2 protein chains.
Amino acid sequence: MAIPWTRRLSIIHNTPLPRAQIARRFSSTSSQYQKLRVNPARLLSDLHHTCQWGTGARWGTAPTETGMSRLALSDADRKARDWFVETTKSLGCTITIDEMGSIFAVRPGRKTGAATFAGSHLDTQPSGGRYDGILGVLAGVEMLKVLNENKVETEYPVGVINWTNEEGARFPISMVASGVWADKTPLQTAHNLMEIGGKATQKSELQRIGYLGSTPASHKSMPIAAHFELHIEQGPILEQERRKIGVVLGAQSYRWYTVEVTGRDCHTGTTPLAARADAMLAASKMIVESNRIASSLSGLASTGVLTLTPGSVNTVPGTVRFSLDIRARQDDIVDAIEAEVKASFVQLAQPCSVEIQRDFTSPAIEFDKNCISCIHEAAQSLFTTRTEELTKEMVSGAGHDSVNTNYICPTAMIFIPCKEGVSHNPREYSEPEDCAIGADVLLNSILNYDKLRASKASS
Amino acid sequence: MAIPWTRRLSIIHNTPLPRAQIARRFSSTSSQYQKLRVNPARLLSDLHHTCQWGTGARWGTAPTETGMSRLALSDADRKARDWFVETTKSLGCTITIDEMGSIFAVRPGRKTGAATFAGSHLDTQPSGGRYDGILGVLAGVEMLKVLNENKVETEYPVGVINWTNEEGARFPISMVASGVWADKTPLQTAHNLMEIGGKATQKSELQRIGYLGSTPASHKSMPIAAHFELHIEQGPILEQERRKIGVVLGAQSYRWYTVEVTGRDCHTGTTPLAARADAMLAASKMIVESNRIASSLSGLASTGVLTLTPGSVNTVPGTVRFSLDIRARQDDIVDAIEAEVKASFVQLAQPCSVEIQRDFTSPAIEFDKNCISCIHEAAQSLFTTRTEELTKEMVSGAGHDSVNTNYICPTAMIFIPCKEGVSHNPREYSEPEDCAIGADVLLNSILNYDKLRASKASS
């Protein structure tokens, strides 16, 4: 299935920056390398500038103390995309837009070839924040600015990707554009996705806002040498442990289930407890037990959706359906939790009955060892001291576009702390300093990877 | 507040049956008394005849194997009312319709005075059965037929009541007409009740179907000497213990609460269990514990309604609200359960918080000792042997119009078994034999009470 490397190069790269613009101030052995840093004020200023499009609920008094509501392919998303295209073009990039509207901005290197990318997404949850996705793209833009102002010429092209509709909030498949790119989701399925509560499709909205590109949405047409993604942790671990950088080794294994407990509707006043088949009582026992089992096996179990019928104060519910989300670092741990949960639920259901259906499976993902090493090295060069205290190897609990790119190309992620682990919420917040540290690590990881590619090519 | 007895009599009774129609074949010492029985075939035939109006979901192949859907003051309810009025008139009754549309059919006795009534309701749940309420009214009609064909002249008038909207399913106050009659609910409140999901009021629908009577809906205008109600148990106890008659001593104490658990929304994949404030997990523990506490104190605890937000498979819910229905035979037991529940919920909530609001209180009700004795005597005379095995003193778990009449006049209830305790369901079912036994006990309880009134008046 792989396209020959030479052919990939010709697809990718046909508008090099004028050589004159790029002085060769960067080499793999230069001591200057370790000193490349982003401009924190500019990074944050750009980030908040783009948050004028799709500003969400206010939570504080400062101008930037609002959330975001920038649904994929909305007018606000179009404006943020326009800014991204104009800005990266002005920084000397070639722009490619694929059939899913994903935008690839490529800055030429000394050699041609697929770019090493910083990728993430500009769309948000309807009640989201200013950092989830946005930070990853803006740190990529900041990388371009730092490279330009330092007149760095990389060995190979580097670039920034804005993946379309990572959130799946408006068109309900998450990470859908990277999924199409990675052959995980058929293009037709993605194009035909209907807007929740509306009549538009993902394709009609791509057309409407002018982002239905002509390049096939595929790794075959738009190869990526390596994909690095800076993201907020969306969990509390880094903050609680006072660490600055999460080196993400992969994504945990997870499965979603629907559990249906069937008892018997009866009157709350006239039915002795011993004569009941109380589906809500049985479901409650199951939720408590699933939590205990997951905890004992270092996994996670959560129930986020629960419905019952008939739903009357004085009727014991005869039917309860609830979701169960089980996660762990490894597939075999999820296997073990699932087996214990199933056995215990059958016991706890009595005298009700229970059916457990698995709806979705996402196996554990392991990121690329070389990419991970590049991140470790970047962190080490930045912190110089206390690197071990300040970084943590961790596993992503959430899905990201990087999970999809990892099926096709070397990939790894960088996490930074976010306040109280809050995300998908207007109050989502990361300290400016932490955003800058994350962007520094992203920049230097990509430079490290570029160096690695060059050393491999020459060896 | 009480109206003088002589005045009550003059209000009630002004159209006696022609004396010639009533031979005096009944006296308080007659052995014939013990032999008065309903006609089971006629009782069931009449009951199913009236179920042609508002027939509900089918559950079997026989013509009568359907549920009922006869909402209060619907066209189907009007037709059942019309039948009730025509039938009781043809049996020699005087009809009074009050401002709540309740229908009082009175058969004259030898003396004037308030009638001893068999009362219940012809309206049903939207997905109800053929016995809840309907049996009580139809057994009253059958009583009139038995008295007439045996040419029985009672000492005082006896009658049958169809109370309006007992179910509260269409206009959402249960037992509303008996509540107005007993000064528990203001007439205006009852008249202004809006139809659920519609624009009609209870008063406009009373007008529309021609049942807005002119008699004030009050015990002062329409006194009741005593109120007997035959009803299906709506619970499984009689069936499980193979008993035929429940002698209902009163209604249990109950309270309704809304419990709100507040935690913190977080991502199911990125938040370690120890860092969560999982409102659904806390609520599940509370539901399990409330059941344990109630069980240990011989009470009941039930959760029939539960909602959570935000309601997404991969978000740990930050808020869960659920209903709690606590019941026990005595108020002090409900007090004790409430106290234990509150203390335990605060503990179990951690690290969430919990608020518990009491929405509704219905104290324990004790029915009239004389009425209860009349039921016991009737059962004894009917069963002749094994009376103790076949009857059971019990407490009503559900609300009934008798709970309201009990505030004003001597009241008691008779229960018969229903299949698996199922009620408010199309499959609600009582054996024809059990319906007939219940109607026999109702008939003879009312005759016993009539005898008792006469003996008190003469002593």
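The values are calculated or read from the model by the stated rules, or taken from the named source; none is laboratory data. Computed from a predicted model, the values in this text were never measured in an experiment. Here the Cβ is made from the backbone with ideal geometry for all residues, glycine too, and neighbour counts use every protein chain on show.
Worth a mention:
- For region A:126-159, the set of residues classified as at positive phi and in contact with a Lys or Arg (Cβ under 8 Å, 6 or more places away or on another chain) consists of A:LYS151 only.
- Test: residue in region B:269-278 that is facing another protein chain (nearest Cβ under 10 Å), modelled with pLDDT under 95 and touching an Asp or Glu at 6+ places or on another chain (Cβ under 6 Å): no
- Looking across region A:304-320, the residues that are facing another protein chain (nearest Cβ under 7 Å) and assigned to a strand (DSSP E or B) come down to A:LEU306, A:LEU308, A:THR315, A:VAL316.
- B:VAL146 falls short on exactly one of the conditions (1) surrounded by fewer than 24 Cβ atoms within 10 Å (Cβ to Cβ); (2) free of Cβ contacts under 8 Å to residues at least 60 places away in the same chain; (3) among the hydrophobic types (A, V, I, L, M, F, W, C), and that condition is (2).
- Test set (1) under 34 Å from the mean Cα position of the chain (by Cα); (2) away from chain A (no Cβ under 11 Å); (3) of a type in the set (Val, Ile, Thr) - B:VAL346 fails condition number: (1)
- The residues listed here are B:GLU167, B:GLU195, B:GLU155; of these, the one that is under 15 Å from the mean Cα position of the chain (by Cα) and acidic (Asp, Glu) is B:GLU167.
- Of all residues in region B:349-392 being farther than 16 Å from B:LEU442 by Cα and of a type in the set (Gly, Ala, Ser), the one that is surrounded by the most Cβ atoms within 10 Å (Cβ to Cβ): B:ALA349
- Qualifying residue in region A:433-453 (condition: touching a Leu at 6+ places or on another chain (Cβ under 9 Å), part of a loop (DSSP other than H, G, I, E, B) and on the phi < 0 side of the Ramachandran plot): no
- The single condition among (1) closer than 30 Å to B:ASP440 by Cα; (2) touching a strand residue (DSSP E or B) at 6+ places or on another chain (Cβ under 7 Å); (3) within 11 Å of another protein chain (Cβ to nearest Cβ); (4) not in a helix (DSSP H, G or I) that B:ALA225 does not satisfy is (3).
- Residues (of a type in the set (A, V, I, L, M, F, W, C) and part of a helix (DSSP H, G or I)) located in region B:153-205: B:VAL176, B:ALA177, B:VAL180, B:TRP181, B:LEU187, B:ALA190
- Some residue of region B:403-422 being in contact (Cβ under 8 Å) with a residue 12 or more places away in the chain, within 14 Å of chain A (Cβ to nearest Cβ) and on the phi > 0 side of the Ramachandran plot: yes
- Restricted to region B:367-392, and to residues there that are charged (D, E, K, R) and more than 17 Å from the chain's Cα centre (by Cα), the residue that is farthest from A:LEU273 (Cα to Cα) is B:GLU377.
- B:VAL158 being closer than 23 Å to A:ASN314 by Cβ, β-branched (Val, Ile, Thr), modelled with pLDDT of 95 or more and surrounded by 20 or more Cβ atoms within 10 Å (Cβ to Cβ): no
- Only one of the listed residues (B:GLU205, B:GLU260, B:GLU233) is in contact with an Asp or Glu (Cβ under 9 Å, 6 or more places away or on another chain), more than 14 Å from chain A (Cβ to nearest Cβ) and buried (at least 24 other Cβ atoms within 10 Å of the Cβ). That residue is B:GLU205.
- Among the residues of region B:391-405, the one identified as touching a Lys or Arg at 6+ places or on another chain (Cβ under 7 Å) and among the charged types (D, E, K, R) is B:LYS392.
- Residue, farthest from A:MET280 (Cα to Cα), within region B:282-301, restricted to residues that are within 7 Å of another protein chain (Cβ to nearest Cβ) and without any contact (Cβ under 8 Å) to a residue 24 or more places away in the chain: B:SER295
- Test: residue in region B:398-411 that is assigned to a strand (DSSP E or B), in contact with a Ser or Thr (Cβ under 9 Å, 6 or more places away or on another chain) and either surrounded by fewer than 22 Cβ atoms within 10 Å (Cβ to Cβ) or not small (Gly, Ala, Ser) (or both): yes
- Members of region B:237-250 that are within 27 Å of B:VAL141 (Cα to Cα) and at the interface with chain A (Cβ under 10 Å from one of its Cβ atoms): B:GLU239
- Within region B:110-149, being part of a helix (DSSP H, G or I) and closer than 22 Å to A:ASP265 by Cβ holds for B:ILE134, B:LEU135.
- Scanning region A:412-432 for residues that are in a loop (DSSP other than H, G, I, E, B) and not hydrophobic (A, V, I, L, M, F, W, C) turns up A:PRO417, A:SER423, A:HIS424, A:ASN425, A:PRO426, A:ARG427, A:GLU428, A:TYR429, A:SER430, A:GLU431.
- Among the residues of region B:22-44, those that are surrounded by 13 or more Cβ atoms within 10 Å (Cβ to Cβ) and at pLDDT 95 or above comprise B:ARG37, B:VAL38, B:ASN39, B:PRO40, B:ARG42, B:LEU43, B:LEU44.
- Test: residue in region A:325-342 that is in contact (Cβ under 8 Å) with a residue 40 or more places away in the chain, at the interface with another protein chain (Cβ under 10 Å from one of its Cβ atoms) and surrounded by fewer than 24 Cβ atoms within 10 Å (Cβ to Cβ): no
- Flag for B:THR215 being at pLDDT 95 or above and touching a strand residue (DSSP E or B) at 6+ places or on another chain (Cβ under 8 Å): yes
- In this structure, A:SER253 does not satisfy being buried (at least 22 other Cβ atoms within 10 Å of the Cβ) and facing chain B (nearest Cβ under 8 Å).
- For A:GLU149: the one exception among (1) in contact with a helix residue (DSSP H, G or I) (Cβ under 8 Å, 6 or more places away or on another chain); (2) at pLDDT 95 or above: (1)
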